[in-house]
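Down below is the structure, laid out as structure tokens.
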Amino acid sequence: MSNRLLTYNPETEVADGLLIMGVPTRAAQPQPSTELEELELGSAFLEATSNSELASVVNRILRHGALLAGRPINPQVVQHLGSRLNRAGQSVRTLLAPPAGPSDTDPSEAMERITGAELEGLSDEDKEFETARAFVRFAMEAGRLAARAPWTHPPAAIATAAARVAARRHAPGLDFVQLVPGFRARRAIRRQSFA
């Protein structure tokens, strides 16, 4: 059965898009500098050589997402969402790294799964750059959604919901198994919100 069917929740569907913590999520209205920022951040993502540089790029992307929303992101949400996006970024960067020896797996197929786009016919560098741009769009959308969420909800829940919705839109093949808290973690979050 398709993962999309398993994750479908009709209670979150509205006419314009999805609800995240009770707030409708509409597609971001593109601003003139968005594409240029996306290109610049995609290049910075590819050039990051350490985890601290990657974390810096992710924070820049989140700030840009908040600018698109026109609201600041709760600092606690930034902490939760930033750690999720850092792990996702490390996974994408591992995928983009050339294998040390001969490999049976084709990184192009994994890149196409992540981006949800056909990358056939592009050079290896262009495939890497398109995958980096897909990650930037995903992280930017997660930041925009997190900024629009009410501050009254638990930060971990906002970060999880924002990452899931953004991944559906911009990185459908990104594996969120490790990024989404398990049952016990979700139960602890619910208990904290009602305490």
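The values are calculated or read from the model by the stated rules, or taken from the named source; none is laboratory data. Note that the structure is predicted; figures quoted are calculated from it, not measured. We place every Cβ from the backbone using ideal geometry, glycine too, and count neighbours over all the protein chains shown. Note: areas computed on protein heavy atoms with side chains; ligands, DNA, RNA excluded. Shrake-Rupley method; radii C 1.70, N 1.55, O 1.52, S 1.80 Å.
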- Task: Can you confirm whether the range 134-144 contains a residue that is modelled with pLDDT under 90 and surrounded by fewer than 17 Cβ atoms within 10 Å (Cβ to Cβ)?
- Result: no
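Okay, residues lined up against (1) in a helix (DSSP H, G or I); (2) open to solvent by less than 20 Å² (accessible area, probe 1.4 Å):
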residue	(1), (2)
GLU37	yes, no
LEU41	yes, yes
LEU46	yes, no
GLU53	yes, no
VAL57	yes, yes
ARG60	yes, no
GLY65	yes, yes
LEU68	yes, no
ARG71	no, no
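I want to confirm something. Restricting to the range 36-85 and keeping residues that are of a type in the set (Asp, Glu) and at pLDDT 90 or above, which single residue is nearest to PRO154 (Cα to Cα)?
Checking each candidate, the answer is GLU53.
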